[in-house]
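Contents: one structure, followed by commentary.
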Amino acid sequence: MIRPAVFRMNEETAVNNYFQEGLKAGPLEITHRAQAEFDAMVGLLRGKGVEVIVVQDEAKFDTPDSVFPNNWVSFHQDGQAVLYPMFAKNRRRERRESVLEKVEEQGFTISNVMDYTSAEDVEVYLEGTGSMILDRVNGKAYCALSSRADEDLFIEFCEDFEMDPVLFYAFQDVGQQRLPIYHTNVLMCLGERFCVICLEAIDAPSERKNLLRHLRESKKEVIVISEAQMHQFAGNMLQVIGANDQRYIVMSASAKNALTEDQIAALSGHGFILDCDLTTIETCGGGSARCMMAEVFLPKG
């Protein structure tokens, strides 16, 4: 997790992230609020025995979205770290070797860095586990195509990592228009034995059917949320492991408050729910709890 040094509504990402909104507060106050939310979330996770590596961002880089590291890097069980091409130019400054070094300092081994960032030269993007939902156990990758998730590059990733691609388009209501959702992980969360999904966002019946077929094949319990719940970041969750191998499902307070009793009961069958107030980060950043965590699957030793 990256602790923000400068946080604000990113003017470069707002062009196609329709979850972002401005706040009536000064830039320093907004940053301080975001830092407080970040610190509280880290404390909540560590309090449950979840191992959290925190890297402090530096103001000199002027990276307003650095709190969302899962978009530029992913870490894999075979020892590979992957760097991804980013749509916003100011987000490309988030990719720093010092972050990988901090992970290695914690005893993890990075044996190779797979670098897709040259795709930025031809304006092609694939923003990590924001753009893709990886089912590492079943060898599948789910992707809602958008300006930040290129089909050819996604297929290339799946070939490189020997994963089956599951493609679809997802949309949201913006005024009177139906526009693409910028990241898959705001409408879909995949746990070990469950999937939270906003099926209303997938307009094509054939794509919905194909997606559900893959989830059934992988024996996932499907928990369906509405588009209104998605806008409260109810699709932006992550299942993590704490002390004594206990599973937790991490989400924002707004996400939990949007869920029905039946949905909470279904999720609780897969782990204890941990929720935290991320109002500032969600409002200005257009992302939530899942976006703030880049999981580390690297080998140790």
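Nothing charged except the Cβ atoms of Lys and Arg (+1) and of Asp and Glu (-1): what's the magnitude of the dipole of the stretch 2-292 about its Cα centre? Round to the nearest 20 debye.
Numbers: 28 positive and 45 negative charges, 145 e Å.
Here the size comes out at about 700 debye.
Dividing the Cα radius of gyration of the stretch 23-121 by its Kirkwood radius returns 0.99 for Rg/Rh. What is the calculated FRET efficiency for Val52 to Glu192, with r their C-beta to C-beta distance and R₀ = 25 Å, to the nearest 0.05? Efficiency, from the Cβ-Cβ distance: 0.80. Summing charges over all other residues whose Cβ lies under 14 Å from the Cβ of Arg213, with Lys and Arg as +1 and Asp and Glu as -1, gives +2.
Sequentially through the stretch 62-72, phi angles give Karplus couplings (6.51, -1.76, 1.60; θ = phi - 60°) of 6, 10, x, 10, 4, 5, 10, x, 5, 7, 10 Hz, Gly and Pro residues having no value and appearing as x.
Which Cα, out of Leu278, Ala170, Ala294, lies furthest along the positive dipole direction of the chain (beta carbon charges, K/R +1, D/E -1)? Sorting the options by dipole projection puts first Leu278. The alpha carbons of the chain stretch over 47, 47, 45 Å along the principal axes, in descending order. Here the 3J(HN,Hα) profile of the stretch 191-208, calculated from phi with Karplus coefficients 6.51, -1.76 and 1.60 at θ = phi - 60°, is x, 4, 10, 8, 9, 9, 8, 9, 5, 4, 6, 9, 6, 7, x, 5, 6, 4 Hz, Gly and Pro shown as x. Between Gln106 and Ser206, the modelled label-to-label distance comes to 4.3 nm, taking each label 7 Å out from Cα in the direction of the beta carbon. Think of the stretch 2-292 as a dipole: +1 on every Lys or Arg Cβ, -1 on every Asp or Glu Cβ, centred on the Cα centre; then among Ala255, Pro180, Ser218, Ala255 lies furthest on the positive end. From its DSSP helices (H runs of at least four residues, each -39,500 (n - 2.57)), the chain gives a residue-normalised ellipticity at 222 nm of -7500 deg cm²/dmol. The H on the amide N of Ser252, modeled in the peptide plane, is under 5 Å from the matching H of Cys276, Ala289, each at least 5 residues off or on a different chain. Grab the beta carbon distance between Thr260 and Leu28, set R0 = 45 Å, and tell me the FRET efficiency rounded to 0.05. That pair, Thr260 with Leu28, gives E of 0.70. Within the shell of other residues whose beta carbon sits under 14 angstrom from the beta carbon of Glu200, the net charge comes to -2, with Lys and Arg scored +1 and Asp and Glu -1. The H on the amide N of Phe171, modeled in the peptide plane, is under 5 Å from the matching H of Ile181, Ile202, Asp203, each at least 5 residues off or on a different chain. Label-to-label distance for Ala59 and Glu162 is 4.9 nm, based on points extended 7 Å past Cα in the beta-carbon direction.
Around Lys256, with a cut-off of 12 angstrom between Cβ atoms, what is the net charge of the other residues, counting Lys and Arg +1 and Asp and Glu -1? Residues close to Lys256 contribute a combined charge of -3.
Among Thr117, Thr31, a tally of other beta-carbon atoms within 10 Å of each Cβ gives an order, fewest to most, of Thr117, Thr31. Residue-wise HN-Hα couplings along the stretch 148-163, as the Karplus relation 6.51 cos²θ - 1.76 cosθ + 1.60 with θ = phi - 60° gives them from phi, are 9, 9, 7, 5, 5, 5, 4, 4, 4, 4, 4, 5, 5, 10, 6, 10 Hz; Gly and Pro carry x. The stretch 162-219 and the stretch 72-117 have Cα centres separated by 26 Å. The order of the peptides 94-101, 252-259, 166-173 by mean Cβ neighbours within 10 Å, most packed first, is 252-259, 166-173, 94-101.
Each value in this text was obtained by applying a stated rule to the coordinates, not by laboratory testing. All values reported here derive from a predicted model rather than from experimental measurement. Using ideal geometry, Cβ is built from the backbone for each residue, glycine included, and neighbour counts are taken over all protein chains shown.
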